[in-house]
1. Go through region 349-361 and count every residue that is crowded, with 18+ Cβ neighbours inside 10 Å and among the polar types (S, T, N, Q).
2. Starting from region 335-361, take each residue that is more than 30 Å from Pro295 (Cβ to Cβ) and in contact (Cβ under 8 Å) with a residue 60 or more places away in the chain and list its partners that are open to solvent by less than 60 Å² (accessible area, probe 1.4 Å) and among the charged types (D, E, K, R), counting only C-beta distances under 6 angstrom and pairs at least six apart or across chains.
3. Does Leu187 fit the bill of being open to solvent by 70 Å² or more (accessible area, probe 1.4 Å), at pLDDT 95 or above and under 25 Å from Pro234 (Cα atoms)?
4. Regarding Cys102, is this residue under 22 Å from Arg8 (Cβ atoms) and surrounded by 20 or more Cβ atoms within 10 Å (Cβ to Cβ)?
5. Which one is surrounded by the fewest Cβ atoms within 10 Å (Cβ to Cβ), of the residues in region 126-141 that are in a loop (DSSP other than H, G, I, E, B), touching a helix residue (DSSP H, G or I) at 6+ places or on another chain (Cβ under 8 Å) and free of Cβ contacts under 8 Å to residues at least 60 places away in the same chain?
6. Quick test for you: out of Leu263, Leu285, pick the one residue that is surrounded by 15 or more Cβ atoms within 10 Å (Cβ to Cβ), more than 12 Å from the chain's Cα centre (by Cα), assigned to a helix (DSSP H, G or I) and on the phi < 0 side of the Ramachandran plot.
7. Taking into account only those residues within region 218-252 that are over 13 Å from Ala262 (Cα atoms) and touching a Phe, Trp or Tyr at 6+ places or on another chain (Cβ under 9 Å), which is most open to solvent (accessible area, probe 1.4 Å)?
8. Please enumerate the residues belonging to region 7-22 that are part of a helix (DSSP H, G or I) and touching a Cys at 6+ places or on another chain (Cβ under 9 Å).
Amino acid sequence: MSFDLFCRVVDNFGDAGVCWRLARRLAALGQSVRLWIDRPDVLARLLPALDARACGQDLEGVRIEPWSAAAHAVPPRGGVVIEAFACALPPAYEAAMAGRDCLWINLEYLSAEPWVESCHGLPSPQANGVPKFFYFPGFTPATGGLLHEPGLRARRDAAQSLERGRRLQDLTGLASTPPADALCVLLFCYPDAPLAGLQAALASQDRPVWLLAPGGRPHAALHDQGRLRVMPIPFVPQARFDELLWCCDLNFVRGEDSMVRALWAGAPLVWQVYRQDADAHLDKLEAWLDRAGWPAPAAELTRAWNRRDDAAVARLLPVALREPAWSAWGARTRAWRDERTAQADLGQDLLDFCLRRRQTR
């Protein structure tokens, strides 16, 4: 089948990151894919081989096109048009879909909330007569699942069989390597994270702590203290982000794509949800924590991290890092990872969904 995937970058890297990962997955499944994006410069941060000024470029089996060119594009006859995160298709392109026997998918944001199960796959009648369906990624078999590639676990195991310091140097160019007994922590957060609490918690540890902060200089609140070393590292392209997660004992991540990849890594993780009006993101967080089943110290830490509570983070993180809470957190993370890996991959599930809809028409 032919897929046209439309992506508008609302903020940060999440929209581009999820859409690019999905486009690559569909291409790997043998499909013809065009990715239309309004901010190719953002995608180029994740995909350095991309020329953000090009009118069109083929990379990893995907044709990447600027959003503006879609006004004159012909929708794929008998193909699939994916509107990522309700981005609204270009009006001229949407009008051209009529009579082309297309299937229209509204790819929603990832949520663990129970209501998505009842909405996944529902039709949405459209004025142009093109059949449109809601498609929800999720954490249960009643949703579309999560993106993961075949062989991911084998690649992770092979990487982790190698010495960690060498892998970190290869990824980041760091001149030195962490001690063998160091706690390696990745910090990938939004600017409003409670960093003073994180600083205090990590500086209180009685073992070496390396805090890896991607994207240049770390936030001003962070500095070396006690046995804590704050290590600025370069921004890692998406294709190698998994490798960075695999180097760390604890991953602080933000947004949708990074959280899913941290789950596949299998190390304890703290997720910072994208902030929404009226604290709607906290409901989303509670649903996710309910699915995750973290031990109480880890769950309370995650709540404090998302409420920007420095004092609570400073108090709760050391508790979560102590035994037996630390081992319980790691065991539950690996168990949840294995449960979700057994579920269908989102890319394959989406393709199967579209094929079934084609057969019933």
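The values are calculated or read from the model by the stated rules, or taken from the named source; none is laboratory data. Note that the coordinates shown come from a computational prediction; the quantities given were computed from them, not determined experimentally. Every residue, glycine among them, receives a Cβ derived from its backbone with ideal geometry; neighbour counts consider all protein chains shown. The accessibility values were calculated without ligands, DNA or RNA, using every heavy atom of the protein model including side chains. Shrake-Rupley method; radii C 1.70, N 1.55, O 1.52, S 1.80 Å.
1. The number of residues fulfilling the criteria is 0.
2. From region 335-361, the pairs are Gly347/Arg25.
3. When the stated conditions are applied, Leu187 does not pass them.
4. yes
5. Asn128
6. Exactly one of Leu263, Leu285 is surrounded by 15 or more Cβ atoms within 10 Å (Cβ to Cβ), more than 12 Å from the chain's Cα centre (by Cα), assigned to a helix (DSSP H, G or I) and on the phi < 0 side of the Ramachandran plot, namely Leu285.
7. Once the filter is applied, the top-ranked residue is Arg229.
8. If the condition is that a residue be part of a helix (DSSP H, G or I) and touching a Cys at 6+ places or on another chain (Cβ under 9 Å), then Asp15, Ala16, Val18, Cys19, Trp20 are the ones that fit.
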